[in-house]
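*Asks:* Dumping the structure here so I can ask a few things about it.
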Amino acid sequence: MMGNAPDYLFEPKSKPFYPLYPVPLVIASPETVEGYGTLVERPEDVDIEIVRWPASGWRPVDEDSGNEGGWVEGTFFGDWHGDVLYGRNDAVSGHYVLGWSTSDPATARTDEKTCERSQVILWHLNYHPDGGQLFFPQQRKPFVVPVALPGDDLQPEQVIALWCDGSRGLYIHPGIWHEGIFPVTDSQSFLDRQGRVHARVSCDVAAEFGVYLSVPLTEHSE
């Protein structure tokens with residue numbers, strides 16, 4: 001799927017079977033989040049970084065231009081339907097299959113839960129070159145966000161899963177690989193702020209590396 005926009009809504013059973021690559025779970029703290037972003041006490045204190053439009057040639061973009069699109073705000077919803085985790089981002093009118101909980105996507109069901117939700121099987125990551133992004137929980141419940149540092153030569157071993165206890169939000173810098181937010185409980189909603197341009201660079205992990213990422217959830221940590 002390189003060079004094409006991914007299909008974000010699909011039946012998991014349409015996906016092929018691939019082995020799982022385990023992603024390490026990291027408890028989010030000011031120290032562990034450093035480089036990826038920051039933990040946020042109050043949304044109003046966050047300055048969403050907006051990246052200046054790149055020059056197309058050797059002449060630079062004027063310093064008072066190219067970064068005036070600002071940011072957009074909405075609600076991001078994460079909802080489990082049986083074994084499948086769906087995301088909806090009202091800020092950018094996005095609707096996605098974020099992942100599923102069964103080792104084999106062919107067995108994932110949306111009408112009932114067939115296994116414990118101890119993991120999210122992740123097929124895709126993306127980053128926004130135009131701006132940062134804030135996720136702030138509207139219910140103070142734990143959530144998990146997979147992230148990796150910037151660079152187009154992404155490798156599965158670079159991905160970590162930040163476990164947040166729900167008392168604070170998470171802001172990520174422009175260029176940080178991520179996916180939607182994974183609620184530990186059945187559903188959760190978040191205040192979402194991000195660059196209005198909403199440029200997106202995608203990586204279909206399964207297609208590129210022949211694995212799915214197994215992102216752990218820790219319901220017992222609530």
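*Asks:* Counting only residues that are farther than 20 Å from residue 216 by Cβ and either under 16 Å from the mean Cα position of the chain (by Cα) or crowded, with 19+ Cβ neighbours inside 10 Å (or both), how many does segment 136-148 have?
*Replies:* Adding up the residues that qualify gives 1.
*Asks:* Filter segment 40-99 down to the residues that are basic (Lys, Arg) and closer than 25 Å to residue 190 by Cα, then identify the one that is surrounded by the fewest Cβ atoms within 10 Å (Cβ to Cβ).
*Replies:* Ranking the candidates gives 42 first.
*Asks:* Still on this structure, please answer the following. Whether any residue in segment 32-39 is free of Cβ contacts under 8 Å to residues at least 40 places away in the same chain, closer than 22 Å to residue 175 by Cα and over 16 Å from the mean Cα position of the chain (by Cα) is what I want to check.
*Replies:* Checking segment 32-39: at least one residue is free of Cβ contacts under 8 Å to residues at least 40 places away in the same chain, closer than 22 Å to residue 175 by Cα and over 16 Å from the mean Cα position of the chain (by Cα).
*Asks:* A further question follows. Would you check which residues across segment 89-143 are in a helix (DSSP H, G or I) and out of contact with any helix residue (DSSP H, G or I) (no Cβ under 7 Å at 6 or more places or on another chain) and list them?
*Replies:* 107
*Asks:* Contact list please: Cβ distance under 6 Å, first residue in segment 192-204 and farther than 11 Å from residue 69 by Cα, second residue among the acidic types (Asp, Glu), pairs at least six apart or on different chains.
*Replies:* 193/73; 199/130
*Asks:* Of the residues 156, 150, 183, 174, which is touching a strand residue (DSSP E or B) at 6+ places or on another chain (Cβ under 8 Å) and either within 22 Å of residue 79 (Cβ to Cβ) or among the hydrophobic types (A, V, I, L, M, F, W, C) (or both)?
*Replies:* When all the criteria are applied, what remains is 183.
*Asks:* For segment 22-40, which residues satisfy the criterion of being more than 19 Å from residue 71 (Cβ to Cβ), of a type outside the set (A, V, I, L, M) and assigned to a loop (DSSP other than H, G, I, E, B)?
*Replies:* 24, 29, 34, 35
*Asks:* Could I ask something else about it? With 57, 66 as the choices, which residue is of a type in the set (Gly, Ala, Ser), free of Cβ contacts under 8 Å to residues at least 12 places away in the same chain and not in a strand (DSSP E or B)?
*Replies:* 57
*Asks:* Follow-up. Suppose we keep only residues that are assigned to a strand (DSSP E or B) and polar (S, T, N, Q) within segment 156-205. Which one would you say is surrounded by the fewest Cβ atoms within 10 Å (Cβ to Cβ)?
*Replies:* The selected residue is 187.
Here, each number is a calculation from the coordinates, and none is a lab measurement. Not measured: the values here are computed from a predicted model. Ideal geometry is used to build each Cβ from the backbone, glycine not excepted, and the neighbour counts take in all protein chains shown.
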